[in-house]
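Everything below concerns the one structure shown next.
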Amino acid sequence: MLREMLGMAEGILQDLHQDHEEVSGLVEQCLKTEASAERNQIFREIMTMLIAHSEAEQTVLYKKLQKSDDEKARSFVFEGLNEHQIVEQQLKLMARARNKASEQWTAQLTVLRELVNHHVKEEESTGFRCARSEFDGEQLEKFGDQFRRQKEKLMAEM
């Protein structure tokens, strides 16, 4: 595979990064869109992706990092779980709004973007660093397969 040749065989970390990029792109697209119906469609995609991503990540990576001897790793996991919870609450609040073109909803979308960006920044620095020191490349690859399967299963159920 191309990833191995480029020396970026980081399994789950690569998958998480790709999801982060995709969600970020969808949020920006939603902010640039003005029609409520179109925003609603993009938002449903964002919501499905974020929830499936969070749950799969918690099941596959966080559960394993939580057992770490490294206090930083455990602390990262607890903070990450809390952030996932806050993002989910924000999504549920936004899903209830009928007019997704309102100024109020746009402000909520901006807050969602900030929550997600903050989480991504911490995860791709602290979280990825902890995962790299805790697991070898082969384990990260295996976690990547598990993460993708779990996420697809969750998305199919939504």
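The values are calculated or read from the model by the stated rules, or taken from the named source; none is laboratory data. All of these numbers come straight from a predicted model, not from anything done at the bench. Every residue, glycine among them, receives a Cβ derived from its backbone with ideal geometry; neighbour counts consider all protein chains shown. Accessible surface areas use protein heavy atoms only, side chains included; no ligands, DNA or RNA. Shrake-Rupley method; radii C 1.70, N 1.55, O 1.52, S 1.80 Å.
How tilted is helix 36-57 with respect to the longest principal axis of the chain? Cα atoms for both, answer in degrees (0 to 90, nearest 10). Tilt of helix 36-57: around 20 degrees. For the chain, the solvent-accessible area with a 1.4 angstrom probe is 57 square angstrom per residue. Taking the chain as the region of interest, the number of lysine pairs whose Cα atoms are within less than 24 Å, with members eight or more places apart or on different chains, is 26. Scoring 56-68, 77-89 by mean Cβ neighbours within 10 Å over their residues and listing the highest first yields 56-68, 77-89. About its Cα centre, region 42-158 has a charge dipole of approximately 460 debye under the convention of +1 per Lys or Arg Cβ and -1 per Asp or Glu Cβ, with nothing else charged.
For the chain, the longest principal axis of the alpha carbon atoms and the long axis of helix 103-122 meet at an angle near 10°.
Placing unit charges on each Cβ (+1 for Lys and Arg, -1 for Asp and Glu) gives region 84-158 a dipole about its Cα centre, and among 106, 147, 120 the Cα reaching farthest toward its positive end belongs to 106. Angle of helix 137-157 to the longest C-alpha principal axis of the chain, folded into 0 to 90 degrees and rounded to 10: 30°.
Give me the percent of accessible area attributable to carbon and sulfur for the chain, probe 1.4 angstrom. Of the solvent-accessible surface of the chain, carbon and sulfur hold 49 percent.
So for region 1-92, taking the charge dipole from beta-carbon charges (+1 Lys/Arg, -1 Asp/Glu), which of 20, 86, 73 sits furthest toward the positive end? In region 1-92, that residue is 86. The structure-derived value of P(r) over Cα pairs in 10 Å bins from 0, in percent appears in the list (1) 8, 24, 23, 20, 11, 6, 5, 3, 1; (2) 11, 46, 38, 5, 0; (3) 10, 39, 32, 15, 4 under the label (3). Our note on the geometry: Cα centres of region 108-158 and region 29-87, 8 Å apart.
Over all other residues within a Cβ to Cβ distance under 11 Å of residue 29, the charged ones net out to -2, with Lys and Arg as +1 and Asp and Glu as -1.
Considering only 37, 137, 51, the residue lying farthest towards the positive end of the dipole of the chain is 37, judged by Cα position with unit charges set on Cβ.
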